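Below is one structure, written out as structure tokens; comments come after it.
The values are calculated or read from the model by the stated rules, or taken from the named source; none is laboratory data. Only a predicted model underlies this, so the values are computations on that prediction, with no experimental measurement involved. Positions of Cβ are generated from backbone atoms using ideal geometry, with glycine treated the same way; all protein chains shown enter the neighbour counts.
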């Protein structure tokens, strides 16, 4: 079995402008933030991004990297609407396809199974169909004749996800309470890059249900301790609420100037310095 380990820079170096990329996690929880920050250090732009959005979308939208977003929401959880995403939308900086969470799930399942769409009841009778007029409906070919939303497959050129543990071959384990849709993102993408808190040599004794992602769907593995910061990565650490509040209330240029000018090591050092300043 091949060793798929790589640096964040190499992983995002395989992305190109105009691609459709998926970003795992949920809101401000277990986001592959180190990979997103590495992506910001490239000149990749004009992206279509598929995400249960959190600060990953806020960072990319504020930096002008997103052409179109497909998402059920963009939130920081304790801050209901991601402020830098909101600012980008208000200035017309990106297009949005907003769909129901259940539609999002089945769009990922369709892509993972290489189907063009899957029929769902979610969205019928709601404003989702009005705000996303590109969506279509289908009628059951059986006696019931029921109408469904035909949720299109959410296919991706690449996916970025973050888990607690991974081995060098691309197998990944989550230790928290929720798998989110990370396995589906990897299965739905042509390429998937898995960052992790820690590389391990194996998963002896692991509860099988925690072995979320298999090596067959992973292109590269990146070890990034604290790489989900400032989002949570339970049970290892919670969300850095103080830092998130600062991020949410700081003008983008000022935040980027202090925290996004160097590599990941520089980011982590800047975060530590900021926390030390607060306690003096």
Query raised in the report: Right, residue 179: within 22 Å of residue 32 (Cβ to Cβ), surrounded by fewer than 18 Cβ atoms within 10 Å (Cβ to Cβ), in contact with a helix residue (DSSP H, G or I) (Cβ under 9 Å, 6 or more places away or on another chain) and without any contact (Cβ under 8 Å) to a residue 40 or more places away in the chain or not?
Result: yes
Query raised in the report: Which residues, counting only those in segment 100-113, are closer than 18 Å to residue 189 by Cβ and in contact with a helix residue (DSSP H, G or I) (Cβ under 9 Å, 6 or more places away or on another chain)?
Result: 105, 107, 108, 109, 110, 111, 112, 113
Query raised in the report: Do the conditions hold for residue 193, that is, is it within 25 Å of residue 81 (Cα to Cα), surrounded by 14 or more Cβ atoms within 10 Å (Cβ to Cβ) and either in contact (Cβ under 8 Å) with a residue 60 or more places away in the chain or more than 18 Å from the chain's Cα centre (by Cα) (or both)?
Result: no
Report summary line: Considering segment 252-280, residues that are part of a loop (DSSP other than H, G, I, E, B) and under 23 Å from the mean Cα position of the chain (by Cα), and then whichever is surrounded by the fewest Cβ atoms within 10 Å (Cβ to Cβ), we arrive at 261
Query raised in the report: Could you say whether any residue in segment 128-136 is touching a helix residue (DSSP H, G or I) at 6+ places or on another chain (Cβ under 7 Å), in the same structural domain as residue 182 (by TED's automatic domain parsing) and either assigned to a loop (DSSP other than H, G, I, E, B) or over 29 Å from residue 45 (Cβ atoms) (or both)?
Result: no
Query raised in the report: If you check residue 108 against the conditions, is it under 25 Å from residue 234 (Cα atoms), touching a residue at least 60 places away in the same chain (Cβ under 8 Å) and part of a loop (DSSP other than H, G, I, E, B)?
Result: no
Report summary line: Of the residues in segment 71-87, those that are in a helix (DSSP H, G or I) and under 26 Å from residue 153 (Cβ atoms) come to 85
Report summary line: When segment 18-63 is checked residue by residue, the ones that are assigned to a loop (DSSP other than H, G, I, E, B) and either within 18 Å of residue 233 (Cα to Cα) or in contact (Cβ under 8 Å) with a residue 60 or more places away in the chain (or both) are 19, 24, 25, 27, 28, 30, 31, 32, 41, 52, 54, 63
